[in-house]
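Below: the structure, in structure tokens.
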Amino acid sequence: MSVVGIIAEFNPFHSGHEFLLNQARLIAGNDPILVLMSGNYVQRGEMAIMSKWQRAKAALQSGADLVFETPFSTAVEPADLFSLGNIEQLAKLGVTDLVFGVEDANLNFAYLGSRIAEIPQNHMDFKDYSQTYSTQYNQMVAREVGHEVNQPNAILGLAYAVANHNLGSPLKLHPVNRIGVGHDDLLQRNGVVQSASAIRNLLLHGEDTSNLKYWMPKAEAIELSKQQVYPNWNLLYPFLKYRIESSSIEDLRQIYQMSEGLEYKMKQEIHLSRDFTEFLRRIKSKRYTYSRLRRLSLYTLLNVTQDDMIASFNQESLMLLGFSKIGRQYLKKNRKDFQTEIISKVDKRSAKSGSLALQVRTDRLFEQIMGVDQNFGQRPIEV
């Protein structure tokens, strides 16, 4: 049996994701397609635009057989740690193949990943504080392997390949050419495939949502157009401001990834900033990307410490969000062989230990914003 895996955010799920699932089905045949999907917080350091349950349902109705939630301690990390955590979990679930969308599927990702993974560590000791880590990393890749990789999905695909190599290559890699617009392209109303960021911007700016049905599954489009609140940083900014202004420097110093005096900079600039965009601009330097600072802001807002992340990462368990008939059969036959704990129902015990404890805690804010319980009382979706 081959088990095809997809690492996703589906923020929101759209026609480009449907295409990727269709390509995965060509490889899987009658075997299961397993999705490891970020929960209510995503890699760029933001709340998801729809709940994890809504997005999981859309994926299952479009061909996925199993959807598990990526733990917060993996989902909200830079590309290398995001990839390592996801690849490792897929292997533990018996996944044999990984399908992912890229701008150029002709690149030999497995080869490039092995080359980069074998670069001596001292070549990656970046000390140029006038450039971000990611800029220096991309320059190093171009220099060492003779190929420049600077497009968003290709960079993430390369991170998957490096992680896969470092874990002993448990997965066979299948890059698939993306269709339609680019990862962060603006809305093109005549196009069938839109970028997820373009759809989010349309919703956040209160524009006409009547065309959503052309860009995503109809049921999801209707649900999204009726949604009363669309999570975004401007909505969360007052909470962040209170959190920073009411915390001591020592408390802020304990936040995960707080470094190089950023706690002083955040404390200084939050009082002067009118909104989140201005706050980011004020704390931005050539050393840090905006994504890095958004993630740090999210850790700060949610009071996620270094100890929280270590405890979660060392005791990871996975929340099952939903399954199809094929997925249920795969679970029944193979669950005892999984190398990670699968949780189908959150109870008081599971919510107090392992990675689920951090997920339940951080989801509390999402619940406050959206008004819907995300863990207790929820059961996996069946399609």
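The values are calculated or read from the model by the stated rules, or taken from the named source; none is laboratory data. All values reported here derive from a predicted model rather than from experimental measurement. Heads up, the Cβs are rebuilt from the backbone with ideal geometry, glycines too, and the neighbour counts pull from every protein chain shown. For accessibility, only protein heavy atoms count, side chains too; no ligands or nucleic acids. Shrake-Rupley method; radii C 1.70, N 1.55, O 1.52, S 1.80 Å.
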Size of region 1-69 as Cα extents on the principal axes (Å, biggest first) | 36, 21, 18
The chain, Gaussian network, Cα under 10 Å: of GLY322, GLY146, GLY63, the residue fluctuating most is GLY146
Kindly state, as a whole number, the per residue volume in cubic angstrom of the convex hull around the alpha carbon atoms of region 45-101.
-> 110
Percent accessible area from carbon and sulfur atoms, region 1-154, protein chains only, probe 1.4 Å = 46
The answer for region 201-350, accessible area per residue at 1.4 Å probe in Å², is 54
Note on the chain, DSSP bridge orientation, antiparallel percent to nearest 5 equals 25
Using 7 Å Cα-to-Cβ label points, what is the ASN108/LYS345 separation (nm, one decimal)?
-> 5.2
Over the alpha-carbon set of region 321-383, work out the extent along each principal axis and list the three values in angstrom, largest first.
-> 37, 26, 14
Treating the beta-carbon of each Lys and Arg as +1 and of each Asp and Glu as -1, no other charges, what is the dipole magnitude of the chain about its Cα centre, to the nearest 20 debye?
-> 640
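Over the Cα atoms of region 177-325, Rg to Rh with Kirkwood Rh, two decimal places?
Here the Rg-to-Rh quotient is 1.04.
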Across all Cα atoms of region 9-161, Rg and the largest Cα-Cα distance (Dmax), in Å, are 16.5, 52
Within the set LYS52/LYS218; LYS52/LYS348; LYS52/LYS265, which residue pairs have Cα atoms separated by over 24 Å?
-> LYS52/LYS265
Amide H neighbours of GLN315 under 5 Å, at least 5 residues apart or on other chains, H built in the peptide plane: list them.
-> SER355
Largest-first principal axis extents, alpha carbons of the chain, Å | 57, 50, 49
By how many nm would the segment from SER353 to ASN150 grow when fully extended, if each residue of separation counts as 0.36 nm and the alpha-carbon distance is taken off?
-> 69.2 nm
What whole-number value in cubic angstrom gives the convex hull volume per residue for the C-alpha atoms of region 258-383?
-> 159
Helix-only [θ] at 222 nm, the chain, -39500 (n - 2.57) per DSSP H run of 4+, per residue, nearest 500, equals -14500 deg cm²/dmol
Given the C-alpha centroids of region 14-43 and region 260-274, what is the distance between them in whole angstrom?
-> 40
